[in-house]
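Beneath this line is the structure, given in structure tokens, with notes to follow.
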Amino acid sequence: MLTIAYIGNGKSTNRYHLPFVQKIKDIRVKTIYSRSASPWQPVEGITYTDKIEDLLSDPEIQLIVLSVRAKAHYQLAKDCLTAGKHVLVEKPFTETAEEARELFALAKEKGLFIQAYQNRRFDSDFLTTQKVIQSGVLGELLEVEMHYDYFRPEVPESVEDFSLDTSYLYGHACHTIDQVLSFFGRPDHIHYDVRQLLGPNRMNDYFDLDLYYGSTKVSVKSSYFRIKERPSFVVYGKKGMFIKATKDRQEEDLKKFYLPNHPDFGLDLPEHYGVLTYVDENGGYHEEKVISEVGDYSRVYQALHDSIFHGADKLIQDQETILQIEILEEGIRRMKENQA
């Protein structure tokens, strides 16, 4: 049994963590720390505290999950490792790659586990797109477009100054870039287009990154000003294409407090299925819907349990996390350079 605790008792802990960790029979949540009262309903069987020492000094607690603002990740993770605790860190893992390297080195020195919580590797749309690519029906892969759009102009309009805390690149590309790196690996080179659409020194509210793998281009694009979202995934090969218009539906269900204990939680309906169009080896034309894979964020928790207790390889490799943060840092650096 892995006994864990949380630092932070907000939306992330209660919406994106607790409903999934509770699916894993070999993990027990003992304590949640927060400096202030939370509007979320307390969960039966969990102890709530405003004293962080209750976590750091408790010999029963083996792993601490950091579910707080990214700027606090580095120091809190360091404190937890120093106290002898394994650590799971929300994304973005740290603000700089140097901080990430230091944390991984400290964990290695102490024989502890530390990893980023990259739950979006288990988004249904991403898993389905991987399945189509791996089937080979598209032929040689030419281009992949990944979109993560919103129409929320009030968000950037309400932010007066630039900061990493509110950066769209840091807050959202940490999902999609990790998906790219987990499937395609390290790119040959990257073209960056990171913007502040409302003007210099305002919020970073747009990004468009092209990651190149030989002749294949993978584009990661997001904006707060898309009144109609672009498809979640569009994939082009020499023999066909695949369009997955809608995103994974786990978040949609969670927002309605429809939780993973329901058998149809997060499942796509037929109208959400992606469309595969291709020409077969005999020249026959095909257009068909692809039944979506099942997304499940609890797989991150099962994997970390297996790494800690059974020595399984880390689900999210240290070098993948470091490379992701290097990409985020470089995107912001180029944005500022273009602004100067």
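Every number here is computed from the coordinates shown, using simple stated rules; none is lab data. Computed from a predicted model, the values in this text were never measured in an experiment. Positions of Cβ are generated from backbone atoms using ideal geometry, with glycine treated the same way; all protein chains shown enter the neighbour counts.
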Under-5 Å amide H pairs with Tyr48, H placed in peptide plane, nonlocal only: Ile32
Debye log10 I(q)/I(0) for segment 144-285, one point scatterer per Cα, at q = 0.14, 0.18 Å⁻¹: -0.82, -1.17
³J(HN,Hα) computed for each position of segment 162-170 - Karplus, 6.51 cos²θ - 1.76 cosθ + 1.60, integer Hz, glycine/proline x: 6, 7, 5, 4, 9, 4, 5, 4, 5
Within a Gaussian network of the chain (alpha carbon springs, distance under 10 Å), most fluctuating of Val235, Val21, Val159: Val159
For the chain, with +1 on Lys and Arg beta carbons and -1 on Asp and Glu, the positive-most of Ser163, Phe126, Tyr48 along the dipole: Tyr48
Taking segment 120-295 and dividing mean pair separation by its residue count, relative contact order in percent (alpha carbons under 8 Å, at least six apart): 29
Amide hydrogen neighbours beyond the local backbone of Thr3, cut-off 5 Å, H modeled: Arg28, Gln62, Leu63
Shape call, segment 1-55: gyration tensor on alpha carbons, a/c limit 1.5: oblate
Cα centre as origin, Lys/Arg/Asp/Glu Cβ charges: segment 197-244 dipole, Debye: 260
Rounded FRET efficiency, nearest 0.05, which uses the C-beta distance separating Gln41 from Ser215 and R0 of 45 Å: 0.30
Amide hydrogen neighbours beyond the local backbone of Ala116, cut-off 5 Å, H modeled: Val89
GluC sites (Glu not before Pro) lying in DSSP loop within segment 71-168, provided at most 16 other Cβ fall within 10 Å: Glu140, Glu160
Cα centroid separation, segment 141-187 to segment 3-30 (Å): 25
Normalised per residue, the volume of the convex hull around the Cα set of the chain (Å³): 151
Fluctuation leader among Gly237, Gly284, Gly199 - the chain, Gaussian network, Cα springs under 10 angstrom: Gly284
Charge dipole (debye, nearest 20) of the chain; +1 at Cβ of Lys and Arg, -1 at Cβ of Asp and Glu: 380
Note, ³J(HN,Hα) from phi for segment 93-105, Karplus 6.51, -1.76, 1.60, rounded to Hz, x at Gly and Pro: 4, 9, 7, 10, 5, 4, 4, 4, 4, 5, 5, 5, 5
Simple spin-label estimate for Glu157 and Val294 in nanometres, 7 Å along Cα-Cβ: 4.3
Relative contact order of the chain, defined on C-alpha pairs under 8 angstrom at six or more residues apart (%): 19
Size of electric dipole in segment 120-295: Cβ of Lys, Arg +1 and of Asp, Glu -1, about Cα centre, debye, nearest 20: 120
Helix-only [θ]222 nm of the chain, DSSP H runs n ≥ 4, -39500 (n - 2.57) each, per residue, nearest 500: -8500 deg cm²/dmol
J(HN,Hα) series, segment 249-259, from Karplus relation 6.51 cos²θ - 1.76 cosθ + 1.60, nearest Hz, glycine and proline x: 9, 4, 4, 4, 5, 4, 5, 8, 6, 9, 9
Among Ile325, Ile133, Ile64: highest mean-square fluctuation, GNM of the chain, C-alpha pairs under 10 Å: Ile133
